[in-house]
Each structure stands twice: as structure tokens, then as C-alpha cells.
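What follows is a short report on a single structure.
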């Protein structure tokens, strides 16, 4: 066939589709009015007019069927040209026959119900007749096959020609080349008829796909469990598990739900297609299928799956990086504070009552570090402070910071602690035990001083380049002084803290100390029973 002949045939098919679209709206309106009038007469008990209404309804359904089939059959396959006028005449005759029946019976019924008590019945019948008369007047203008596909100027009677010409320019001709495969992948063919499986598998293999085929739904589910596929071509009607149930099970499985599925079936009904698309099918192709159309749909499905796979890969990478970032952030800031920052809080500063603050410092560490290598010193501190961090997590204590060989922690900030005083006391006792274990590992003999005080503090974030969560206030200063006045491997606590400690603790009174800005304070040494 010549290119001109091909374009002419395509123009005819497109014009038929556009004609069908123009006719569907008024024809559906006619059918709707006919159904309403019929229902109204049945409901109001008018049996004498039902026979004519049945004829009107039948003619309306016949008209709708003719329009619905407009792009099928011999008319769609024939090309316009010398036979265009004949085609137009035949189609006008086909459509006028039911239209004239609707109009004729409708006019007789209007006379019959002229004196009826039902205003709504008369009004709907009038609407039906107006719609029928309007469509009859417009039929000659709408049904025009003899269009010039090269026409580009818009005139009142040339709208259809321009639509056809514009659509042909946009779509362009389909090139029927044997090797137009843009995507290849692993495809599972599911069909209970061996010849269908063999033909489809051979065609797909020739296109470069890796193909597996199975005869039923159960085998399909097993194949999907055992192997990875990029696409499933699934028959709808199978004896063991039908294709729809296989589709539903796939879409309910987290691993399988992203595999695109094209339903291929001899059941060419709209309801089945709708159900399959709603259940998650990518496409629905009736048998016998056009191999070029199937190839185009396979290419489209595989292309979309490649992009979805890339998207999932990037999302997993983002999730991994986000988790890594959050873990890193948790080493710097409390979880609650991170949450508030994520919610957009720019300034975080809170006052807390009843907080216990701990300061700890290694005794003689500066002198000892001068006698060991820098690597040994850092390894020791890393091991020791990691032990302290783990202990803090166990007890619900918040590590604030380390400064050199000093360690600071609080209980009751920012998360509430049911007993911050006991928690910080157990933290201090545990730190001495863990220092001993680390000393045994390294063969060192360092000791630690610890000071604890309890009271109100202010806590918040400072800095913009490097966030630091810190606490301030008189309570912090006193705890720092108590550490400075403590003794090696002893826990020096204030009277405010000692009052709150009950249970397995021993408090040994110590002489009062003079704290700058506070005067003399009664203090105690803490130990276990």
C-alpha cells in the first residue's frame, strides 16, 4: 500500500472515531430520556402507553448500539475517497431509521398524554422529542466522511477535517519495523493453552526477552516465588486459579506488587477490564492481539518498571543515608531535641526542676598521658567513655559532653526520669566499676573524681555551625566544684542530693566546703551498702 493510501485509511479511521465521539453525547441523552420516561410511566401505572414506550426505548438502544459500533466492522476498514458519499448515505440511513421511530412514536405519545395529570412525564417526553429533532437536523453536518486530510484552515463546516489533520500530524504513522524493541527484560507468560504459550514465548524470545512460561495460576505463583521477573503476561481464564485471583495475590504481596501485569484474554468485555485495572493490572489486551500493539505495551511497561526500580533504589539509599545521619545526630543531641528541630523549632531553651548533674575527671591523666603515645591515650579515652555512654543509656541518663578527660552527664533532662537522683548515683558508682575494668584491660591504674549536685537547670541548644546541647545554672557550677573538691575514686555529693537518696546507698558525712557564691555547704561521700 502506498503512503498516500495509508494516510488516507488512517484519516478515515480517525474521522470515524471523531464522528462517534460527536454522536455519543446526543445519543446517550436520547437513551437517558427514553429510560426516564419509561420508568416514569411504569411507576405511575400507565400500561396503555408502555408498548409505544418500549418501541422508543428499543429504538434508542438500537441507535446507541449503532453509534457504539461505528469504528468496527467493514466501514472502519474501508477507506474514504470515491466511496465516501456512499458510506455517508448508508450511515445516515442507519441512524435515521431508529431516530425517526423515536420521533414518530414520541409525537403520538405526546398527543396521548396531553391531558395526563403527570407534568413530569409530559416534560420528559418533550425533552426526548427536542433531542431527537435536534439530532436529526445535525445529522447531515456531523456525518461527513469526505474530508481533506491536508486541510488546515478552520471553517465552520471544516472542524472535523482540522481535527483529523491535527491528530495525524501529532501521532504520525506507525513504522512496522521488525526490531523496534526499546526495553528487554525477564517475562513470565501464563496461559493454559500450550500453543498460545509457545507462540508468545517464541515471539518474546526473538525480541530479546528472557522468557519463562507456565500453564496455570498455581505454577505462576510458584515461579514468581522462585525467580525474579520484570513483567507478567497473564491469561484471565485458567482452570486452577484464574488470572484475576493471581493478580490479586500478586498485588497483596510486598515483593510482587511492583511487577507490572498485562492481562491477555479472549474475554473482551469492559467490566472484566475495569475489574483487572482496579485490581492493579497495568494493561488489558483482548485476544487475538495485535503483536505490534503487544510489543508497544510491553516496551511501555518495562520502561516504567525500570524507572520505578530506580526510584525504589534511590528511596532505599535516601532511607539508609537518613538513618545514618540520624544515628550520627543522636551521638550529638538527645532524640527529643532532634524531633523538635525537625518540626522547625529554631530556639530550644527549657527550664527543668529536680535535675541531678554529674561531673567526673580522671586523676593525674595529664601527667600519665605524657608518658604514653597519643594513639594509646586516645584509645584509652575512647574505650572508657564508650563504657560510660553505654552505662548512661542503660540508666536513662543523658551525656552532655566530654572535655579532655572530663565527663559530664545529667538525669532528668530533657526526658523525665522517675528517679533522677538514684539514676545519677548509680551512674557514678558504675563509672568507678567500669574504670577499673578498663584499667585492667590496658594495665593502667588511673582513678576518677566525681561530684554530684541536684536542683534546677536551664538546658538548650547553642551554636549554628555545630549544634551543642548544654545545661547552665547554679546547679551545674556547684556540681563542678564538688568534683574539684572530691577525692580519687570517691563520689562527692551535696546535701540537696543526699536528701533524695534512699535505698542501697551509704552517705558518709564530710566536712563542709566553701563554694564560691554559695558559702559553706555540707557535703557527703556516696557509696554502696
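The values are calculated or read from the model by the stated rules, or taken from the named source; none is laboratory data. Computed from a prediction, not measured in an experiment: that's the story for all the values here. Using ideal geometry, Cβ is built from the backbone for each residue, glycine included, and neighbour counts are taken over all protein chains shown.
Take segment 327-341 and flag every residue that is part of a helix (DSSP H, G or I) and touching a helix residue (DSSP H, G or I) at 6+ places or on another chain (Cβ under 8 Å).
The answer is 329, 330, 338.
So which pairs qualify, if the first residue must be in segment 96-116 and in the same structural domain as residue 60 (by TED's automatic domain parsing), the second must be in a loop (DSSP other than H, G, I, E, B), the Cβ gap must be under 8 Å, and the two must be at least 6 apart or on different chains?
109/49; 112/48; 112/49; 113/46; 113/49; 116/46
Mind checking which residues of segment 248-258 are surrounded by fewer than 22 Cβ atoms within 10 Å (Cβ to Cβ) and within 21 Å of residue 304 (Cα to Cα)?
Result: 248, 251, 252, 253, 254, 255, 256, 257, 258.
Output the residues belonging to segment 397-414 that are farther than 21 Å from residue 496 by Cα and outside any strand (DSSP E or B).
Of everything in segment 397-414, those that are farther than 21 Å from residue 496 by Cα and outside any strand (DSSP E or B) turn out to be 404, 405.
Scan segment 463-507 for residues that are part of a helix (DSSP H, G or I) and touching a helix residue (DSSP H, G or I) at 6+ places or on another chain (Cβ under 7 Å) and jot them down. Write out each step before concluding.
To start, the set of residues in segment 463-507 that are part of a helix (DSSP H, G or I) comprises 474-484, 495-500.
Within segment 463-507, 497, 500 meet the criteria.
Does segment 356-370 contain any residue that is closer than 18 Å to residue 526 by Cα and out of contact with any strand residue (DSSP E or B) (no Cβ under 9 Å at 6 or more places or on another chain)?
No, that holds for no residue.
Restricting to segment 182-209, name every residue that is in contact with a strand residue (DSSP E or B) (Cβ under 7 Å, 6 or more places away or on another chain), surrounded by fewer than 19 Cβ atoms within 10 Å (Cβ to Cβ) and more than 20 Å from residue 255 (Cα to Cα).
Once the filter is applied, which keeps residues that are in contact with a strand residue (DSSP E or B) (Cβ under 7 Å, 6 or more places away or on another chain), surrounded by fewer than 19 Cβ atoms within 10 Å (Cβ to Cβ) and more than 20 Å from residue 255 (Cα to Cα), segment 182-209 yields 192, 201, 205.
Can you name every residue in segment 201-211 that is touching a residue at least 24 places away in the same chain (Cβ under 8 Å) and over 33 Å from the mean Cα position of the chain (by Cα)?
Of everything in segment 201-211, just one residue is touching a residue at least 24 places away in the same chain (Cβ under 8 Å) and over 33 Å from the mean Cα position of the chain (by Cα), namely 203.
Tally the residues that are crowded, with 17+ Cβ neighbours inside 10 Å and at pLDDT 90 or above, restricting the search to segment 355-369.
The qualifying residues number 9.
Of the conditions (1) modelled with pLDDT of 80 or more; (2) outside any helix (DSSP H, G or I), residue 37 satisfies every one except a single condition; which number is it?
With (1) modelled with pLDDT of 80 or more; (2) outside any helix (DSSP H, G or I) applied to residue 37, the lone miss is (2).
Scanning segment 405-436 for residues that are closer than 19 Å to residue 364 by Cβ and in contact (Cβ under 8 Å) with a residue 12 or more places away in the chain, which turns out nearest to the chain's Cα centre (by Cα)?
Narrowing segment 405-436 to residues closer than 19 Å to residue 364 by Cβ: 405-407, 431-432, 434-436.
Next, from what is left, pick out any that are in contact (Cβ under 8 Å) with a residue 12 or more places away in the chain: 405-407, 431-432, 434-435.
Numbers: 405: 49, 406: 49, 407: 46, 431: 48, 432: 52, 434: 48, 435: 51 Å.
That would be 407.
Can you name every residue in segment 220-229 that is more than 21 Å from residue 299 (Cα to Cα) and either over 30 Å from the mean Cα position of the chain (by Cα) or buried (at least 19 other Cβ atoms within 10 Å of the Cβ) (or both)?
Those that are more than 21 Å from residue 299 (Cα to Cα) and either over 30 Å from the mean Cα position of the chain (by Cα) or buried (at least 19 other Cβ atoms within 10 Å of the Cβ) (or both): 220, 221.
Of the conditions (1) surrounded by 18 or more Cβ atoms within 10 Å (Cβ to Cβ); (2) under 47 Å from the mean Cα position of the chain (by Cα); (3) under 23 Å from residue 477 (Cβ atoms), residue 391 satisfies every one except a single condition; which number is it?
(3) is the only condition that residue 391 fails.
Restricting the search to segment 497-512, which residues are surrounded by 18 or more Cβ atoms within 10 Å (Cβ to Cβ) and closer than 22 Å to residue 457 by Cα?
497, 498, 501, listed by residue number.
State the number of residues belonging to segment 441-462 that are part of a strand (DSSP E or B) and touching a residue at least 40 places away in the same chain (Cβ under 8 Å).
15
Would you call residue 372 free of Cβ contacts under 8 Å to residues at least 12 places away in the same chain and surrounded by fewer than 19 Cβ atoms within 10 Å (Cβ to Cβ)?
Against the criterion (free of Cβ contacts under 8 Å to residues at least 12 places away in the same chain and surrounded by fewer than 19 Cβ atoms within 10 Å (Cβ to Cβ)), residue 372 qualifies.
Just a yes or no: is a residue in segment 166-181 more than 46 Å from the chain's Cα centre (by Cα), at pLDDT 55 or above and either part of a helix (DSSP H, G or I) or not assigned by TED's automatic domain parsing to the domain that holds residue 264 (or both)?
no
From the list 420, 416, which residue is closer than 23 Å to residue 478 by Cα and buried (at least 19 other Cβ atoms within 10 Å of the Cβ)?
Result of the check over 420, 416: 420.
What's the number of the only condition in (1) surrounded by fewer than 20 Cβ atoms within 10 Å (Cβ to Cβ); (2) part of a loop (DSSP other than H, G, I, E, B); (3) touching a strand residue (DSSP E or B) at 6+ places or on another chain (Cβ under 8 Å) that residue 238 fails to meet?
(1)
Any idea which residue in segment 265-277 is surrounded by the most Cβ atoms within 10 Å (Cβ to Cβ), counting only those that are in contact with a helix residue (DSSP H, G or I) (Cβ under 9 Å, 6 or more places away or on another chain) and modelled with pLDDT of 85 or more?
276
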